[in-house]
Amino acid sequence: MTVNKGLLSIVENEPNFSNQALENAVATLKLGWVAKSSTLDSLIVTNPILTASQKTDLKDAINNVPHINLGRVLGDLVRHSATIIDGTIVPLDSSINPAKTTFLEILQNVQSVQGLVPELYGVPASDKARSVNDHLGTLNNMFTTTEDSTEPVFTTMLKSIQFIVDTDLATETALETAYTNLINFINSVAADSTDNQDTLDNLATALATAHTNLNNALASQPLLTHRNRLIEMREKINVQISLENSNIVGIDSFIETLSSNISFASLAEDDELRGLMSKVAQDKNWQTYFENYADEKDNLNPIYTTDTDSDKSSIIDQVLANNGLPDVTDATDFEAVAGKARKDSRIDTAGYDRLTAIQQIVDACKQLLITTQFRNESSLSASLLRNMNQHDRDLVARQLDLNESANTLS
């Protein structure tokens with residue numbers, strides 16, 4: 001149900017969703033060489049003079065130490081999040097996706113997955129790497145906040161970048177200079193030429209060398225700890241980008257598969273269709289599902305449903321009482337005990353009409369492997385009655401297990 005309060009104030013205005021919060025968070029990391037690295041990364045992407053191949057070659061050349069070239073990963077992160085907002089993260093395809101995907105459609109699809117996964121898998125969507133954050137975490141401040149005691153990715157990165165900058169290493173200063181030289185050159189290029197390419201290559205090589213030099217300067221403590229943290233945090237960012245890209249790009253297909261399987265399963269209610277599907281299904285799991293469906297459905301009974309193991313005994317008592325059991329409680333009533341034995345499916349009662357009640361009890365004890373030697377009639381009757389009453393409980397317990405099994409996703 002939609003909340004009406006405030007609806008009039010928003011109904012004619014666009015939400016104007018953006019990744020500005022992420023961009024603001026990324027901006028806090030732009031200190032020292034990281035600021036220059038980010039400027040260069042943005043410049044390479046937007047420069048109108050450099051060709052696509054030049055840009056690719058340049059980015060490859062200066063990414064020789066990825067955890068030092070942080071402008072690249074931060075730029076990729078911001079650009080990735082922007083494609084979610086504008087929907088371009090999902091490639092256009094003439095048959096599968098002929099029209100541009102919208103942010104609203106992405107949100108609706110993610111919501112659908114949150115319901116479909118628990119229904120079909122019996123676990124939260126997060127257990128299948130399909131939670132909201134598994135699709136949209138980069139937009140949901142996952143790098144600036146955490147739900148546990150761990151430190152956010154950006155907080156760790158900021159501390160390490162700040163520590164390295166504050167150490168005032170000559171190699172860090174030299175790296176900033178190498179960035180500045182390449183930035184200034186790209187900004188000065190007015191047209192493509194061989195001389196420009198040579199200079200571009202030389203400056204890229206110098207920058208790559210400066211990356212290596214700073215990386216080497218961070219090889220001993222306490223700087224090594226911060227270098228390792230930058231490596232770890234960069235990896236977390238890249239893993240998240242890859243996960244979101246995979247989840248969102250494939251979400252239509254994922255939803256279609258789950259929805260279709262729910263529909264196929266519902267068709268199993270029809271006996272004839274179920275028989276047909278069991279014959280044409282090539283997947284062994286589906287064959288088993290269709291073939292066992294009728295038996296498993298017979299096992300379903302709401303009176304056998306229990307939430308916890310502790311309820312099982314009380315459920316058994318309730319079912320027995322509903323069925324008029326135990327129907328015999330007095331072991332000294334030999335006729336009643338013998339009568340119960342004659343109804344026990346485990347006992348062969350052939351010829352019982354020629355036996356007395358006590359003889360029937362003795363024979364039933366022997367068949368159920370109850371010791372009869374040196375025991376009087378009352379003792380035998382009591383043992384047989386306990387055995388038969390326990391059997392009644394075991395049958396109900398078995399039905400409880402079958403009901404639970406039929407109700408359990410597997």
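Here, each number is a calculation from the coordinates, and none is a lab measurement. Everything quoted here is computed from the prediction, not taken from an experiment. Counting neighbours? That spans all protein chains shown, and the Cβs are built from the backbone with ideal geometry, glycine included.
Things to note:
- Proximal lysines relative to K340, as straight alpha-carbon distance under 23 Å, when same-chain residues fewer than 8 apart are discounted: K366
- Calculated FRET efficiency, D327 to D295, Cβ-Cβ distance, R0 = 30 Å: about 0.60 to the nearest 0.05.
- Ordered from longest to shortest, the equivalent ellipsoid semi-axes for the chain are 74, 27, 20 Å, each the square root of 5 times a Cα gyration tensor eigenvalue.
- Mean Cα-pair separation over length for the range 9-160, i.e. relative contact order, pairs under 8 Å, 6 or more apart, %: 22 percent
- Counting only Cβ charges, +1 for Lys and Arg and -1 for Asp and Glu, the dipole size of the range 20-253 around its Cα centre is about 200 debye.
- Of all aspartates and glutamates in the structure, the ones whose alpha carbon falls short of 19 Å from that of K343, not counting any fewer than 8 places away in one chain, are D327, D330, D333, E335, D353, D363, D392, D394.
- The calculated 222 nm mean residue ellipticity attributable to helices in the chain amounts to -21500 deg cm²/dmol, summing -39500 (n - 2.57) over DSSP H runs of n ≥ 4 and dividing by all residues.
- Separation of the L31 and T167 label points, Cα + 7 Å toward Cβ, nm: 1.3 nm
- At R0 = 30 Å, FRET efficiency that the Cβ-Cβ distance of L92 and N47 yields, to 0.05: 0.70
- Size descriptors for the range 20-253: radius of gyration and Dmax over Cα atoms are 20.0, 64 Å.
- In a simple Cβ point-charge model (Lys, Arg +1; Asp, Glu -1; nothing else charged), the range 70-206 has a dipole of about 440 debye relative to its Cα centre.
- A simple rule links phi to the HN-Hα coupling: the Karplus curve 6.51 cos²θ - 1.76 cosθ + 1.60 with θ = phi - 60°, which for the range 333-349 gives 8, 4, 5, 5, 5, 5, x, 5, 5, 5, 9, 7, 5, 7, 9, 7, 9 Hz, with x for Gly and Pro.
- Separation of the S18 and R398 label points, Cα + 7 Å toward Cβ, nm: 6.9 nm
- Sequence-distant lysines (8 or more away, or on other chains) whose Cα lies within less than 23 Å of K55: K30, K36
- Take every Cα pair under 8 Å whose residues are at least 6 apart in sequence, average their separation, divide by the length of the chain, and the relative contact order is 16 percent.
- Residues R342, R375 in ascending order of nearby Cβ atoms (within 10 Å, fewest first): R342, R375.
- Residues of the range 16-30 with amide N under 18 Å of a point placed 7 Å along Cα→Cβ from N140: 17-23
- For the range 250-264, backbone phi angles converted through the Karplus equation (6.51, -1.76, 1.60; θ = phi - 60°) give residue-by-residue couplings of x, 5, 4, 5, 4, 5, 4, 5, 5, 5, 5, 5, 4, 5, 4 Hz, Gly and Pro being listed as x.
- In order along the range 104-121, phi translates into HN-Hα couplings of 4, 5, 4, 4, 5, 5, 4, 4, 4, 4, 4, x, 5, 4, x, 5, 9, 9 Hz, rounded to whole numbers, per the Karplus curve 6.51 cos²θ - 1.76 cosθ + 1.60 with θ = phi - 60° and x for Gly and Pro.
- With a Förster radius of 35 Å applied to the beta-carbon distance between Q108 and T39, the computed FRET efficiency rounds to 0.40.
- Counted residue by residue at 0.36 nm each, then reduced by the alpha carbon distance between them, the extension gain from R346 to K128 reaches 73.8 nm.
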